[in-house]
Amino acid sequence: VSRNIILLGIVAVLIVPWVNRSANSQINAHENIILGRPTATSIVISVQTEKNTLVTTQYGTIPDHHTNQTPSTGPSENNIAEISIGGLLSNTRYYYQICYFQSGDADCQPGEQHSFHTQRSRGSTFRFGVQGDSHPESATSRRGGGMGGPLFHPDLYQRTLENVAHNQPDLYFMLGDDFSISNEMEDFFLGENIEANLQLIDDLYSNQRNFLTTIANSTALFAVNGNHEETRRAFLGTPLHDMAIHAGSARTRFFPLPAPNHFYSADPELVPGIGLLRDYYAFTWGDALFVAIDPYWHSPVQGWNSGGMGAGMGTGNWSTKITSEEKQAEYLNLISARKDRWEATMGDAQYEWLGKTLSESNAKYKFVFAHHVCTCGRGGIENAKYWEWGGHNMEGTWEFDERRPDWELPVHQLMVKHGVTVFFQGHDHLFARQDLDGVIYQSVPVPGDPQYTGKN
């Protein structure tokens, strides 16, 4: 890409069971730390800890010399403590350690030293990493892997993450299907197992933290929605309403994702039960503009079939479990794509934001991240010519002016006009580099797949 920006390969993640720990024992076990929302002068450190354990951060610019300390912070009901550090120097590496203590302790128990970097200045050299669909649920899925065999092996995922950590990227992007709930919600659509299913969503997000801390204790993490996350506007007001809301809430409760402020341009929408969605956002780092988009939450209908075609029903054949023909029709309507694919959309607000973000940036490099081009089928540039992404219908007829009369250009043409360097996508479970009109379409493979077959 450039001598000034070194792009890491695709990365993987490992699952380590979380165990409640005392302040004294936690430092001898697996610390659970996720960095997020870095700016030129601040960062957020998310620490998963025991209910009665308080945490503080000691930090400085010299290794093993931590001259500053944050006030103590207690965990939320999810055992997550968020520590915000401000007043930092830009373009600077900081070294820190989390200190754990309980009420009445004379001294805190320090954890291991980690580091982070504030916003790079123009012309700086840095690394960032990208991973495709990790699908950790496929190893033990209720549907037996569901994709023709497990796409995930924890040891392989962990090894990949360790390789990434060794390269010390500043930033790390996950392209979706890392918190896959599609076929895990047993009979949710029928109003059954609601409490257990909602707890399972939290468990899936918590479980990924145990892998991702391998890199995210020293690299800022950024998540993108995939189809298997099922955080979809199309589910609101339906029997799958609470599933979509709880999944959207879990993203922001377990991970410190960007919100709109002086540094991040981001989705301002507030959703009851979630708050800020934190689903699309953009920022500049060094010579690069980074942009993440989300077509799932903002479409009133399915853009493509719901992940796994079993959302909210779990194991087995849903058509045999839903006995009412009326309910079968309702469910099929929920999980199936519309015949008219123009009905699915990223939404006017997100499109206008994307155009404004790209046009106003003078960054040398522009990177756009999404789970998949136009949320349709498999392929990169093969699908880039269709619907609001490319302007044509499936027969090759140009319909953009009629179907999106208030939009300047289809998404691909918008990226071409404003000089997007690379569009990164997951979903296809393979590595492929394609070029269309000067924009690189980079598909990213599964990071922990032991089959090496490019399944699906």
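How high is the relative contact order of the chain, in percent, counting Cα pairs under 8 Å that sit 6 or more residues apart?
Numbers: 1096 pairs, mean separation 76.6, N = 456.
Reported relative contact order: 17 percent.
How much net charge surrounds residue 253 when only other residues with a Cβ under 12 Å from its Cβ are counted (Lys, Arg +1; Asp, Glu -1)?
Here the count lands on 0.
What pairs from 327/385; 356/385; 339/417 go past 26 Å between their alpha carbons?
As for pairs spanning more than 26 Å Cα to Cα, those are 327/385; 339/417.
Please enumerate, by chain and number, the aspartates and glutamates with C-alpha under 17 Å from the C-alpha of residue 51, excluding those fewer than 8 residues away in the same chain.
In chain and number order, the partners are 31, 77, 82, 105, 202, 203.
Suppose a student asked you for the relative contact order of segment 23-117, using Cα pairs under 8 Å spaced at least 6 residues apart; what percent would you report?
32
Evaluate the charge dipole of the chain about its Cα centre and quote only its size in Debye, nearest 20, assuming +1 on the Cβ of each Lys and Arg and -1 on the Cβ of each Asp and Glu. Could you put the intermediate results ahead of the total?
Working: 32 positive and 50 negative charges, 230 e Å.
Once rounded to the nearest 20, the dipole reads 1100 debye.
Using label points projected 7 Å from each Cα along Cα→Cβ, tell me how many nm separate residue 168 and residue 406, to one decimal.
Computed distance between label sites residue 168 and residue 406 equals 4.9 nm.
Give the relative contact order (percent, whole number) for segment 408-456; include only Cα pairs under 8 Å separated by 6+ residues.
Answer for segment 408-456 is 33 percent.
Between residue 40 and residues 5 or more places away or on another chain, which pairs have amide H atoms under 5 Å apart, with H built 1.01 Å from N, and which residues are they?
Here the answer is 119, since their amide H atoms fall under 5 Å of that of residue 40.
Counting only residues 5 or more places away or on other chains, whose amide H sits under 5 Å from the amide H of residue 111 once H atoms are built in the peptide plane?
So residue 111 has HN proximity to 98, 99, 100.
When DSSP assigns beta bridges and you keep just the ones with both residues in the chain, what percent turn out antiparallel, to the nearest 5?
Of those bridges, close to 60 percent are antiparallel.
With n ≥ 4 as the cut-off for DSSP H runs, can you work out [θ] at 222 nm for the chain, using -39500 (n - 2.57) per run divided by the number of residues, rounded to the nearest 500?
Taking each H run of at least 4 residues, the total per residue is -6500 deg cm²/dmol.
Where the centroid of each part is defined by its Cα atoms, how far is segment 32-67 from segment 371-393 in Å?
The distance from the Cα centre of segment 32-67 to that of segment 371-393 comes to 40 Å.
What list of ³J(HN,Hα) couplings, whole Hz, do you get for segment 153-164 from phi and the Karplus terms 6.51, -1.76, 1.60, once you set θ to phi - 60° and write x for glycine and proline?
Ordered by residue, 3J(HN,Hα) equals 10, x, 5, 5, 4, 4, 4, 4, 5, 5, 5, 5 Hz.
Each reported figure results from applying straightforward, stated rules to the coordinates on display, with no laboratory input. Note that this is a predicted model, so its numbers are computed, not measured. Here Cβ is always computed from backbone atoms with ideal geometry, including for glycine, and neighbour counts include all displayed protein chains.
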